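K.L.:
Once you've had a glance at the structure underneath, I'll fire off some questions.
The values are calculated or read from the model by the stated rules, or taken from the named source; none is laboratory data. Since the structure is predicted, the reported quantities are computational estimates derived from the model, not experimental observations. Here the Cβ is made from the backbone with ideal geometry for all residues, glycine too, and neighbour counts use every protein chain on show. Calculation scope for accessible area: heavy atoms of the full protein, side chains included, ligands and nucleic acids excluded. Shrake-Rupley method; radii C 1.70, N 1.55, O 1.52, S 1.80 Å.
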2 protein chains.
Amino acid sequence: MFTIGQLSRQTGVKVPTIRYYEETGLLPKPGRTAGNQRRYDGAGLERLSFIRHARDLGFSIDAISGLIELQGHPDQSCQAANDIASAQLVDVCAKIKKLKALEKELNRIAKGCDGQGVSENCYVLASLSDHALCEDNH
Amino acid sequence: MFTIGQLSRQTGVKVPTIRYYEETGLLPKPGRTAGNQRRYDGAGLERLSFIRHARDLGFSIDAISGLIELQGHPDQSCQAANDIASAQLVDVCAKIKKLKALEKELNRIAKGCDGQGVSENCYVLASLSDHALCEDNH
DNA sequence: TGTAATGGCTCTAGTAACTAGAGGTTCAAG
DNA sequence: CTTGAACCTCTAGTTACTAGAGCCATTACA
């Protein structure tokens, strides 16, 4: 049996966040001591690790709820779980693409100005003002 | 003179968002008609375009406030603006790196299961449960 | 057994950056 | 001069937490 603090240390999820997950139904309500403190067992630890991992991978709480529900219905769960993971992958790829474009433009902007001298005509500010200077159409 | 709707169409910023920017002080309060409707001029359009562009590049509202303030103090503004842009660049690079790791793992997870057959032992769910299977330590 | 430190409890409110909706007013076109 | 689109303010909701107040439980040590 673990206290909420021990669970927190083992999973890397902060204590208030664990309580928040319980509140939203993502974590089942654990047992309590006579003094009303939460006590978790191995299953609780596993569940929280699963959530932590999925959050790390960028799954939304909603998506995680979906995945957890699937675990209760082994029939068809594989296809559905795959769909959720694939959607997540598409999302991540799109984000990478967008960020790379930003990286390119920021590089261009940051390089244009040496941080010295030209005080009245800062290239950073000019670039941000004038969208037409952009190489990428974002 | 533009109405808030025209400004919205020209910049791609939604009407409630424009009002929100005004509320938070990011946009100056524009003039009003006798009937209390906002009317914007060219300067308002420029300012909003600047904000839109910087938001697109992932700058926080806070950072944008900083940049806007710099525009009022041409002395030293270039160095400071450069610092803000560089910080933004570091941020973007870090995000890209993290997302690439996620992409790799999601690819691995999504490929492991063909969405058919193996219903009781879904690879997606197993992967998410067992952090030890990960190739990357995230 | 007493006490102090640490950790736990609930509840409210705050964060970023908007978005949605209710209920009412103004503007511009025909 | 009427109609319908666009405008107004205000409140509340979103996501995924985080922070703080004020109080209670547990545990280690003397």
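K.L.:
Give the nm distances, rounded to one decimal, from B:PRO16 to the matching residue in every other copy, measuring between label points 7 Å along Cα toward the beta carbon; shortest first.
P.N.:
Those label-point separations list as 2.6 nm.
K.L.:
Now a separate question. Which pairs in the list A:LYS98/B:LYS14; A:LYS98/B:LYS97; A:LYS100/B:LYS104; A:LYS97/B:LYS29; A:LYS95/B:LYS14 are over 25 Å apart, alpha-carbon to alpha-carbon?
P.N.:
A:LYS97/B:LYS29
K.L.:
Pop the C-beta distance of A:LYS97 and A:LYS29 into the FRET formula with R0 = 41 Å and round what comes out to the nearest 0.05.
P.N.:
Efficiency at R0 = 41 Å is approximately 0.50.
K.L.:
To continue, here is another question. Between copies, how far apart are the B:PRO28 label points? List them in nm, one decimal, shortest first, with each point 7 Å from Cα toward Cβ, please?
P.N.:
6.1
K.L.:
Let me ask something else. Which loop-located trypsin sites (Lys or Arg not before Pro) does the stretch A:7-46 contain, where loop means any DSSP state but H, G, I, E or B and the Cβ has at most 12 other Cβ atoms within 10 Å?
P.N.:
Those that pass, being in a loop and sparsely packed, are A:LYS14.
K.L.:
Just the accessible area per residue of the stretch B:1-72, please: how many Å² with a 1.4 Å probe?
P.N.:
The answer is 55 Å² per residue.
K.L.:
Continuing with this model, one more query. Where the label is 7 Å out from Cα toward Cβ, how close does A:GLU69 come to the same position in every other copy, in nm, shortest first?
P.N.:
Spacings between copies for this position, smallest first, are 4.7 nm.
K.L.:
Would you kindly find the accessible area of B:ASP83, with a 1.4 Å probe and non-protein molecules such as ligands, DNA and RNA excluded, rounding to the nearest 10 Å²?
P.N.:
90
K.L.:
A:ASP91: accessible area at probe 1.4 Å, nearest 10 Å²?
P.N.:
70
K.L.:
Quickly work out the A:ALA87-to-A:ASN36 label distance, labels modelled 7 Å from Cα along the C-beta direction, and quote it in nm with one decimal.
P.N.:
Computed distance between label sites A:ASN36 and A:ALA87 equals 3.9 nm.
K.L.:
Let me ask another. So for A:LEU27, B:LEU45, what's the accessible-area order with a 1.4 Å probe, most first?
P.N.:
From most exposed to least exposed: B:LEU45, A:LEU27.
K.L.:
To the nearest 100 Å², how much accessible surface do chains A and B hide from each other in total, with a 1.4 Å probe?
P.N.:
When A and B are taken together, about 4300 Å² of accessible area is lost.
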